[in-house]
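Please read the structure below before turning to the comments.
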Amino acid sequence: MHFAERLRRTFGTDRKQVENKDSTKALSLSDPAAFELFGAIATHSGLDIGPHSAMRVPAVACAVGLIADTVGTLPIKIYERGTKQTVSDHPAYRLAHTEANEWTSAAQLRTQLSTDALLHGSGYAQVVRVRDGAPYELHRLDPAAVQRTIEPTGEPVYAVTTETGTARLTFRDVVHVQPFGGASPIYLAREAIGLAIAFEKHMGGIFANGGRPSGIITAQKSLDLETKKRIAASWFSTHSRDNAGGTAILDEGMAYQQLAMTLADAQFAENRLEQIREIARAFRVPPTMLFELTRGTWSNTEEMARQFYSVTLKPWLAEWTWAYSRCLLTPEERADLYLEFVTDDLLTTDHASRATAYGQYRAMGAMTANEVRAGLNLPAHADGDLIANPYTTSDKDRAA
């Protein structure tokens with residue numbers, strides 16, 4: 001269903017809906033359910049959360065940028081099954097590893113589509129092919145212009161709205177990536193994001209309108225309303241913002257009483273930190289990766305960096321690998337070729353333990369040199385299939 005058709009059905013301009021008396025009542029423009037059509041979702045905090053408003057929260061912007069940039073900058077290659085040899089002469093290698101088109105690199109396209117998936121729930125790119133059917137370019141599609149439907153056979157079909165009309169594309173011509181559950185974390189965590197924005201507004205209001213020093217001014221005699229307004233205006237102009245912390249001078253028997261910090265004020269900072277942790281849970285990102293370091297140490301920060309790869313990135317890399325394979329490789333080619341991300345840079349902090357483990361596996365005869373090289377994303381060696389212990393020389397001749 002296209003955007004215009006959804007508008008007609010939502011606001012009651014569909015003729016079939018008007019004729020059917022038993023149909024659902026049309027929504028008004030003030031109904032919270034109508035905001036979902038425009039990317040804004042009402043929350044209990046009274047704020048409408050959408051992609052643009054959510055990105056104004058630093059924790060959300062950090063999580064989206066962290067996942068999208070990491071997925072985009074990781075190199076991906078095409079390998080031959082069994083030999084682990086890089087196949088660089090295939091058209092898919094250029095589109096996935098080098099450039100998606102003449103004006104967009106492969107890394108930029110992955111970053112853009114991952115950002116679309118995180119903010120809108122789906123990222124789309126159209127495959128442009130040459131006459132023989134080989135993939136030639138990848139073009140990003142606006143998520144708002146794409147409508148995905150499922151045929152009775154289970155095959156997804158994509159209706160793309162363009163300036164010239166609507167184009168119908170099959171699943172082989174659309175690179176489609178989605179987050180967990182097919183729903184944007186912005187939508188799933190809208191209450192936590194709305195509460196974080198409410199905290200920011202509350203703190204901003206305190207600094208924008210709060211007088212310094214803060215407290216209550218009492219007078220010995222009764223004052224009329226206009227006099228109270230003049231005293232309040234004079235106080236805020238003298239002790240707020242840039243003049244905060246100045247000396248207060250009172251006359252006519254007035255007294256100033258400073259207000260003590262309440263329990264809610266004392267826990268305000270902790271509540272703000274908890275919202276960062278809630279947003280981290282929604283994006284499945286370790287809190288230390290969002291620079292929430294209250295419980296971070298040298299040891300668990302390094303461990304959380306490894307968890308970021310295994311818990312956060314692996315599902316995204318698997319989603320991208322299949323999206324590329326489905327559109328850029330034929331079923332016959334997928335039997336002999338496969339795409340894989342090179343994640344060595346993410347595991348640089350664990351080189352020592354990996355080297356120790358590989359050395360022990362080689363010594364006990366559990367792995368060959370080629371199996372170790374495959375784990376390091378290196379091609380096989382001609383003499384790398386020997387199972388003998390390389391650290392001893394007593395049975396070297398017999399093993400050969």
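What follows draws every value from the coordinates through simple rules; no lab data is involved. Everything quoted here is computed from the prediction, not taken from an experiment. With ideal geometry, Cβ positions are generated from the backbone for all residues, glycine too; neighbour counts draw on all protein chains shown.
Of note:
- Counted by neighbouring Cβ atoms within 10 Å, the residues S114, S310 run from fewest to most as S310, S114.
- Cut-off 13 Å between beta-carbons: net charge of the residues surrounding P58, Lys and Arg +1, Asp and Glu -1: 0
- For C327, C62, order by how many other beta-carbon atoms lie within 10 Å, fewest first: C62, C327
- The order of Y391, Y338, going from fewest to most other C-beta atoms within 10 Å of their C-beta, is Y391, Y338.
- Each residue of the range 123-128 was assigned a 3J(HN,Hα) from its phi angle through the Karplus expression (A = 6.51, B = -1.76, C = 1.60, θ = phi - 60°), giving x, 10, 8, 8, 8, 9 Hz with x at Gly and Pro.
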